[in-house]
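Below is one structure; the comments refer to it alone.
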Amino acid sequence: MGKPTAGNGLMLSDCSTGPLNGKSLHRNPALLTVHPGKDDSVPLDRDLRLDLCRGLALWCVFLDHIPKNVFSWLTLRHYGFSDATEVFMFVSGVTCALSYSSVRRRDGWATVLAHTLLRSWEIYAAFLILTIALAIVAYSSGSNRLADEANVKILLSKSRVLRWPTPPS
């Protein structure tokens, strides 16, 4: 069973991620271009300049985390009041605002809120899974140094932080 076409060599693909109050989160199907003899390609509907700024900011963050690195003087850390992390967060916020503005115009604020909460939950769940996996790796290695460098030592220690406080007598 083939996908319905929109004419002119374009195919429609279903890009809904699930129902919201009986409606699809994405009402408009995405257009895929079809080239004879080649794989289907998705047209870019994003501003590549924002991706370039985010990529450069990530490289600056990477260079800033290498100790005694000569190239860290090329990053934003030494010039101005903010560093590459703030630039990355700002450009990511602009990217989210641009992408969610079309959803708001099309489907309203409730759908934007649902998208935001769903994406936040996905990121939070991935963070928890990665933190637990890192703690398991650090614990199984038996190295206090690895646990300390990975910032999971507090999860593995048997200190007062993890115990309930005893009431004063």
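From the list ASP51, ASP39, ASP45, exactly one residue is modelled with pLDDT of 85 or more and over 30 Å from GLU149 (Cβ atoms). Which is it?
ASP51
Pick from the stretch 111-144 the residues that are of a type in the set (S, T, N, Q) and part of a helix (DSSP H, G or I): which of them is surrounded by the most Cβ atoms within 10 Å (Cβ to Cβ)?
Ranking the candidates gives THR111 first.
Filter the stretch 56-110 down to residues that are charged (D, E, K, R) and part of a helix (DSSP H, G or I) and give me whichever is nearest to ALA150 (Cα to Cα).
As a first pass, look at the stretch 56-110 and keep what is charged (D, E, K, R): 64, 68, 77, 83, 86, 104-107.
Going one step further and asking which of them are part of a helix (DSSP H, G or I), we end up with 64, 77, 86, 104-107.
Numbers: ASP64: 17, ARG77: 23, GLU86: 23, ARG104: 40, ARG105: 43, ARG106: 43, ASP107: 42 Å.
Here the answer is ASP64.
Step by step: first the residues of the stretch 111-136, then only those that are farther than 25 Å from CYS53 by Cβ and touching a residue at least 12 places away in the same chain (Cβ under 8 Å), then the one that is farthest from the chain's Cα centre (by Cα). Which residue is that?
Taking the candidates together, the pick is ALA135.
Which residue out of THR85, THR33, THR17 is among the hydroxyl-bearing types (Ser, Thr, Tyr) and at pLDDT 90 or above?
THR85
Just the residues that are more than 19 Å from the chain's Cα centre (by Cα), among the β-branched types (Val, Ile, Thr) and surrounded by 11 or more Cβ atoms within 10 Å (Cβ to Cβ), please, taken from the stretch 49-101.
Result: THR75, single match.
The values are calculated or read from the model by the stated rules, or taken from the named source; none is laboratory data. Worth saying up front: this structure is predicted, and the values here are computed from it rather than measured. Don't worry about glycine lacking a Cβ; one is built from the backbone with ideal geometry, like all the others, and counts go over all protein chains shown.
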